[in-house]
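S.K.: Pasting a structure below so you can have a look.
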Amino acid sequence: MAVHWADVYAEKIIREKGEKDPYVCASGITPSGTVHIGNFREIISVELVVRALKELRRNVRFIYSWDDYDVFRKVPKNMEDKQTLEQYLKKPITLVPDTTGRWANYAEANEKDLEALLHQVGVDPVYRYQAEKYRNSEYAEGIRTALKERDTIRDILNKHRTQPLAEDWYPVSVFCTSCNKNTTRQLGWDGNYRLSYACDSCGNEETVDLRNTAAVKLPWRVDWPMRWEYEGVDFEPAGKDHHSEGGSFDTAREISREVYGYQAPVTFQYDFVRIKGRGGKISSSSGEVVGLSDVLEIYQPEIIRYLFAGTRPNSEFAISFDLDVLKIYEDYDRCERIYFGKETVSEKRREKERRIYELSQVGEVPAAMPYQLPFRHLCNLLQIHDGDVNGVLERISEIEAQQRPRLEQRAQCAWNWITTFAPESFRFSLRSPDAAPLELEKEEKQAVDETIGVLENFQLSDDESADEKRLGEALYSVPESAGLDGKSYFKLMYRVLIEKDRGPRLAGFLLTTGLERVLRILSVYR
RNA sequence: GGGCCGCUAGCUCAGGUGGUAGAGCAACAGCCUUUUAAGCUGUGGGUCACAGGUUCGAACCCUGUGCGGCUCACCA
């Protein structure tokens, strides 16, 4: 029996939809603003199910629909040049300019930014652009069907509305072909393809033909079921905002069956994603929106997948930017060790972790266990070397060339985290050998002096952990002979090295830093 | 008002198909007589929100109650 929810849903799709070739799995959102990490849950959820289906040897078509024929309703807080954008309200978002100047229009800017990132996390659907489809009148038949069944649709929608829709309501929304705004009223329909409207903004009145106009669009609650039938969608999850009773999935299910004669796709509801630990550190460029790009700054792609693959869709969870980051990396490494049998756990646990690990990979599962460089240790190494990612990695002889890219990513994430979100107590930087010496008491001076002696006489061997032990022991003798208690001595060493009262375990820290470098820093006390 | 989710150790949360509760953090103790804890080892700690029910047996299934959160009833 399947242990992971993605496999459970894959099996459910096959059971409920019967054998098909291919199965169509769909996801989609509107690019009417920066796409945030909550939206990502939608697409990663589908991607995991797509993988599960493929592993059951079924063909799958994975489509992602950008609803970029959506109306530009309001200017999001985080956009540049809001004044310009305001002039485009009520027009389709494909006609709104990209005020950053990088892309052809507003919708495309939000789309392309995300598409590039999705590839990095192993998500590669076939992208569908609604604006293109509507403008090419590809949905003409679907729209005509909706018009024919307008009474049925109105009744279905009215069951859940407070204010019933008017008798002369049409299940369409029209962008005026003269001013492009959706401030229009329908005047009539010929029972076939011809629809008349009047625009309240510019006064334009005309009759368009569904087969060759770009003006007519279906409202969301009708558009969705129409596309299920059009694409033959078998699976599409949705957020809890769509999944309440009387919500859009509910009405879409009914419209799909009653109007389009199509059985709604298998679905599930996913909960929202919260953000934790960005207090006071919200990046200026992105406003309050935390997007996939922000998460990729801190988490490697595999680990982002791990977060989503390891959580049941129907429960809320937080993506953390605080100290939890350490735990997440440790959890992932542990999952990896369990996968490769380097750590034993109960069979039940193992089975689950294995599956989560597989689903977390961007590409193929590595043939052998990758070299693990603990995130915490990496944070120390990078701080010793001022964020020099390559310098740090080059010092580690165990790293094989093919593992380098992943470790570079991890190191970059570690450095990003240290410099943006890590708590102050976690950060340090080595004092420069040129910095003016701190004022020390007589005993302290002597202790530093003796430490220098210990370090100068210390012979390195091949065994790092033995060295650390030996050095540790050698250091113990220093405070006593200098007339300091152990506690003050360690505090003193951290002060002269990093100007803090505490730091990484001393002996290992000195060795990792390099004794020569430590001696240079200490030499000003001679 | 309808719907969904949650309530498990001090905190954050795990606990497919019922078999007598578990991990991380925190706390505490120890770690070659003096050791910073961001290392290692170990220990303690829970009426599984409450009340009923089904069962030989319930954190888990059923009913109800309370508390908290989200969501729909505009738009998408």
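S.K.: For the condition within 12 Å of RNA strand B (Cβ to nearest atom) and farther than 15 Å from A:Trp224 by Cα, what is the one hit in A:Asn158, A:Asn136? Steps first, please.
M.R.: Numbers: A:Asn136 fails: within 12 Å of RNA strand B (Cβ to nearest atom).
The unique qualifying residue is A:Asn158.
S.K.: Kindly indicate whether any position in segment A:3-18 is closer than 30 Å to A:Glu108 by Cα, outside any strand (DSSP E or B), of a type outside the set (A, V, I, L, M, F, W, C) and assigned by TED's automatic domain parsing to the domain that holds A:Val126. If you could, list the steps in order and put the result at the bottom.
M.R.: Quick first cut of segment A:3-18, residues closer than 30 Å to A:Glu108 by Cα only: none.
Looking for residues that are closer than 30 Å to A:Glu108 by Cα, outside any strand (DSSP E or B), of a type outside the set (A, V, I, L, M, F, W, C) and assigned by TED's automatic domain parsing to the domain that holds A:Val126, one finds none in segment A:3-18, hence no.
S.K.: Being away from RNA strand B (no atom under 16 Å from the Cβ) and of a type in the set (Asp, Glu): is that true of A:Asp449 here?
M.R.: Numbers: away from RNA strand B (no atom under 16 Å from the Cβ): yes; of a type in the set (Asp, Glu): yes.
Taking the combined requirement at face value, the residue satisfies it.
S.K.: So, A:Ser244, is that one without any contact (Cβ under 8 Å) to a residue 40 or more places away in the chain, over 19 Å from A:Ala146 (Cβ atoms), within 8 Å of RNA strand B (Cβ to nearest atom) and among the polar types (S, T, N, Q) or not?
M.R.: Details: without any contact (Cβ under 8 Å) to a residue 40 or more places away in the chain: yes; over 19 Å from A:Ala146 (Cβ atoms): yes; within 8 Å of RNA strand B (Cβ to nearest atom): yes; among the polar types (S, T, N, Q): yes.
Yes; evaluated as a whole, the condition is true for this residue.
S.K.: Considering each of A:Ile319, A:Ile303, A:Ile255 in turn, give the residue that is in contact with a helix residue (DSSP H, G or I) (Cβ under 8 Å, 6 or more places away or on another chain) and more than 15 Å from RNA strand B (Cβ to nearest atom). Step through it out loud before you land on a result.
M.R.: On the way: A:Ile319 fails: more than 15 Å from RNA strand B (Cβ to nearest atom); A:Ile255 fails: more than 15 Å from RNA strand B (Cβ to nearest atom).
Being in contact with a helix residue (DSSP H, G or I) (Cβ under 8 Å, 6 or more places away or on another chain) and more than 15 Å from RNA strand B (Cβ to nearest atom) holds for just one of A:Ile319, A:Ile303, A:Ile255, which is A:Ile303.
S.K.: State all residues of segment A:234-250 that are under 24 Å from A:Arg61 (Cα atoms) and not in a helix (DSSP H, G or I); if no residue qualifies, say none.
M.R.: Result: A:Asp234, A:Phe235, A:Glu236, A:Pro237, A:Ala238, A:Gly239.
S.K.: In addition: Select from segment A:322-366 the residues that are within 17 Å of the chain's Cα centre (by Cα) and among the polar types (S, T, N, Q) and write down the one among them that is nearest to RNA strand B (Cβ to nearest atom).
M.R.: A:Ser360
S.K.: Being assigned by TED's automatic domain parsing to the domain that holds A:Val50, in a helix (DSSP H, G or I) and closer than 29 Å to A:Thr34 by Cβ, is that true of even one residue in segment A:269-285?
M.R.: yes
S.K.: Identify, from the list A:Val75, A:Val123, the residue that is in a loop (DSSP other than H, G, I, E, B) and either in contact (Cβ under 8 Å) with a residue 40 or more places away in the chain or surrounded by fewer than 18 Cβ atoms within 10 Å (Cβ to Cβ) (or both).
M.R.: On the way: A:Val75 fails: either in contact (Cβ under 8 Å) with a residue 40 or more places away in the chain or surrounded by fewer than 18 Cβ atoms within 10 Å (Cβ to Cβ) (or both).
Result: A:Val123 is the single residue among A:Val75, A:Val123 that is in a loop (DSSP other than H, G, I, E, B) and either in contact (Cβ under 8 Å) with a residue 40 or more places away in the chain or surrounded by fewer than 18 Cβ atoms within 10 Å (Cβ to Cβ) (or both).
S.K.: Among the residues of segment A:376-387, is there at least one that is more than 18 Å from A:Pro504 (Cα to Cα) and either over 23 Å from the mean Cα position of the chain (by Cα) or of a type outside the set (D, E, K, R) (or both)? Even if it seems obvious, please write down each step before you answer.
M.R.: Restricting attention to segment A:376-387, the residues satisfying the condition of being more than 18 Å from A:Pro504 (Cα to Cα) are none.
Checking segment A:376-387: not a single residue is more than 18 Å from A:Pro504 (Cα to Cα) and either over 23 Å from the mean Cα position of the chain (by Cα) or of a type outside the set (D, E, K, R) (or both).
S.K.: Residues being more than 17 Å from A:Leu430 (Cβ to Cβ) and near RNA strand B (Cβ under 8 Å from one of its atoms): count how many of those fall in segment A:479-526.
M.R.: Number satisfying all stated conditions: 6.
S.K.: Tell me, yes or no, whether segment A:211-223 has at least one residue that is closer than 29 Å to A:Gly310 by Cα, more than 16 Å from RNA strand B (Cβ to nearest atom) and not in a helix (DSSP H, G or I). If you could, list the steps in order and put the result at the bottom.
M.R.: Filtering segment A:211-223 down to residues closer than 29 Å to A:Gly310 by Cα leaves none.
The answer is no; no qualifying residue exists.
S.K.: Scanning segment A:379-424 for residues that are of a type in the set (Gly, Ala, Ser) and in contact (Cβ under 8 Å) with a residue 12 or more places away in the chain, which turns out farthest from A:Tyr299 (Cα to Cα)? Reasoning before the result, please.
M.R.: Taking segment A:379-424 as the starting set, the residues that turn out to be of a type in the set (Gly, Ala, Ser) are A:387, A:391, A:397, A:401, A:411, A:414, A:422.
If we keep only those that are in contact (Cβ under 8 Å) with a residue 12 or more places away in the chain as well, we get A:387, A:411, A:414, A:422.
Numbers: A:Gly387: 17, A:Ala411: 10, A:Ala414: 8, A:Ala422: 14 Å.
In this case the residue turns out to be A:Gly387.
S.K.: Which of the residues spanning segment A:479-502 are buried (at least 20 other Cβ atoms within 10 Å of the Cβ), of a type outside the set (A, V, I, L, M) and touching a residue at least 40 places away in the same chain (Cβ under 8 Å)?
M.R.: A:Tyr489
S.K.: Scan segment A:138-153 for residues that are closer than 19 Å to A:Ala215 by Cα, buried (at least 17 other Cβ atoms within 10 Å of the Cβ) and within 37 Å of the chain's Cα centre (by Cα) and jot them down.
M.R.: Pass one, segment A:138-153, residues closer than 19 Å to A:Ala215 by Cα: A:138-148, A:150.
Then keep just the ones that are buried (at least 17 other Cβ atoms within 10 Å of the Cβ); that gives A:139-140, A:142-147, A:150.
Within segment A:138-153, A:Tyr139, A:Ala140, A:Gly142, A:Ile143, A:Ala146 qualify.
S.K.: Let me ask something additional. Scan segment A:1-47 residue by residue and report those that are without any contact (Cβ under 8 Å) to a residue 60 or more places away in the chain and closer than 18 Å to A:Pro265 by Cα.
M.R.: Listed by number, the residues that qualify are A:Val8, A:Ala10, A:Glu11, A:Ile14, A:Arg15, A:Gly18, A:Glu19, A:Asp21, A:Pro22, A:Ile29.
S.K.: Please enumerate the residues belonging to segment A:41-62 that are surrounded by fewer than 20 Cβ atoms within 10 Å (Cβ to Cβ) and either assigned to a loop (DSSP other than H, G, I, E, B) or touching a Lys or Arg at 6+ places or on another chain (Cβ under 6 Å) (or both).
M.R.: Across segment A:41-62, the qualifying residues are A:Leu56, A:Arg57, A:Arg58, A:Asn59.
S.K.: Being modelled with pLDDT of 90 or more and outside any helix (DSSP H, G or I) narrows it down to one of A:Val345, A:Val362, so name that one.
M.R.: Numbers: A:Val345 fails: modelled with pLDDT of 90 or more.
Every option except A:Val362 fails the conditions.
S.K.: Among helices (runs of 4 or more DSSP H) lying entirely in segment A:385-470, which contain 3 or more residues that are of a type in the set (S, T, N, Q)? Quick ask: steps written out before the conclusion?
M.R.: On the way: elements: A:389-394, A:404-420, A:442-457.
It comes to A:404-420, A:442-457.
S.K.: Can you find, within segment A:458-478, the residue that is nearest to A:Phe426 (Cα to Cα) among those that are free of Cβ contacts under 8 Å to residues at least 12 places away in the same chain and either among the β-branched types (Val, Ile, Thr) or more than 8 Å from RNA strand B (Cβ to nearest atom) (or both)?
M.R.: The selected residue is A:Ser465.
The values are calculated or read from the model by the stated rules, or taken from the named source; none is laboratory data. Keep in mind the model is a prediction, meaning the values are calculated, not measured. Don't worry about glycine lacking a Cβ; one is built from the backbone with ideal geometry, like all the others, and counts go over all protein chains shown.
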